[in-house]
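K.L.:
After the structure tokens below, expect a handful of questions from me.
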Amino acid sequence: MFSKLELSNQASASLVRPRGCADLFVPKGEWVVKHWRFGRCIATYRFPNAISAEGKTALLNVMFGATAKITAWYVGLIDATKGAAFAAGTPNLAVTTDTYAAINQAGNGWSEYAGYSDTSDTTFPGGTGLAAATARPLWTPGTPVVAGSAVSVQNTATSNVQLTAAGIVAGLFVVGGGTQPQKQTDHAAGSTLWSTAAFTNGNVTVANSDTLQMTYSVGC
């Protein structure tokens, strides 16, 4: 009589993946600037920006808090000759800790460039009546555009400035709210610095009478 012993092994495996996040809300922006001289476009600059922590806080307070929306936004230029050291590092990445109240103040890493005249819009909300030579150009957003899962908005017309003196521009910023965000070099409390951006290919040298035509897109 024979007995038969049968041995068998069975192995199995399963792959478990953590559930991914379906959507990340990350606001971001991009500039396209056309540089004109004597009626000819001499360069086009395309570069991203960093949304400030102050700007993100304002966004969340409006959407989920009781803060009133900012109804008008303005563009400012950054002066390369006075340094352009942005808080929290590179201004073209996700976030910067720069604030509106620190503009042109002692200890801030950058200063505003004011050697230009606003040629795009000289009519401002509130009837402040600022002269074009002392005004930041208005950034007027259009209707948001949906492309797949992305949504973005940009100005309906370019924000334009004509340079009134030769200089060197390091980048751009966007501000709004408060009492006089449209006034060059203003830093009064209550306004918001939405974003900062540096030209990614280096500072831009401008000449008297040059024109910068600026388009800003922001989305998430």
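The values are calculated or read from the model by the stated rules, or taken from the named source; none is laboratory data. For clarity, every value in this text was computed on a predicted model and none was experimentally measured. With ideal geometry, Cβ positions are generated from the backbone for all residues, glycine too; neighbour counts draw on all protein chains shown.
K.L.:
Within region 197-220, take every residue that is farther than 16 Å from residue 161 by Cβ and touching a residue at least 24 places away in the same chain (Cβ under 8 Å) and give me the one that is surrounded by the fewest Cβ atoms within 10 Å (Cβ to Cβ).
P.N.:
The extreme case among them is 201.
K.L.:
Quick one: count up the residues across region 131-177 that are of a type in the set (A, V, I, L, M, F, W, C), surrounded by fewer than 18 Cβ atoms within 10 Å (Cβ to Cβ) and closer than 23 Å to residue 211 by Cα.
P.N.:
The qualifying residues number 7.
K.L.:
Any residue in region 108-117 that is modelled with pLDDT under 95, of a type in the set (S, T, N, Q), in contact with a helix residue (DSSP H, G or I) (Cβ under 7 Å, 6 or more places away or on another chain) and within 17 Å of residue 33 (Cα to Cα)?
P.N.:
Taking every residue of region 108-117 in turn, at least one turns out to be modelled with pLDDT under 95, of a type in the set (S, T, N, Q), in contact with a helix residue (DSSP H, G or I) (Cβ under 7 Å, 6 or more places away or on another chain) and within 17 Å of residue 33 (Cα to Cα).
K.L.:
Does region 199-212 include one or more residues that are modelled with pLDDT of 95 or more, at negative phi and within 13 Å of the chain's Cα centre (by Cα)?
P.N.:
No, region 199-212 contains no residue that is modelled with pLDDT of 95 or more, at negative phi and within 13 Å of the chain's Cα centre (by Cα).
K.L.:
When you scan region 72-93, do you find a residue that is touching an Asp or Glu at 6+ places or on another chain (Cβ under 7 Å), under 24 Å from residue 220 (Cα atoms) and either modelled with pLDDT under 95 or part of a loop (DSSP other than H, G, I, E, B) (or both), even just one?
P.N.:
yes
K.L.:
Output the qualifying pairs, or none if there are none: Cβ atoms under 7 angstrom, residues six or more apart or on different chains, first residue in region 136-152 and on the phi > 0 side of the Ramachandran plot, second residue surrounded by 10 or more Cβ atoms within 10 Å (Cβ to Cβ).
P.N.:
From residues that are on the phi > 0 side of the Ramachandran plot, there are no pairs.
K.L.:
Hey, among 13, 53, 43, which residue is of a type outside the set (Ser, Thr, Tyr) and either at pLDDT 95 or above or under 24 Å from residue 167 (Cβ atoms) (or both)?
P.N.:
Only one candidate qualifies: 43.
K.L.:
Taking residue 165 as the residue in question, decide whether it is closer than 19 Å to residue 115 by Cβ and either of a type in the set (A, V, I, L, M, F, W, C) or not in a loop (DSSP other than H, G, I, E, B) (or both).
P.N.:
Against the criterion (closer than 19 Å to residue 115 by Cβ and either of a type in the set (A, V, I, L, M, F, W, C) or not in a loop (DSSP other than H, G, I, E, B) (or both)), residue 165 qualifies.
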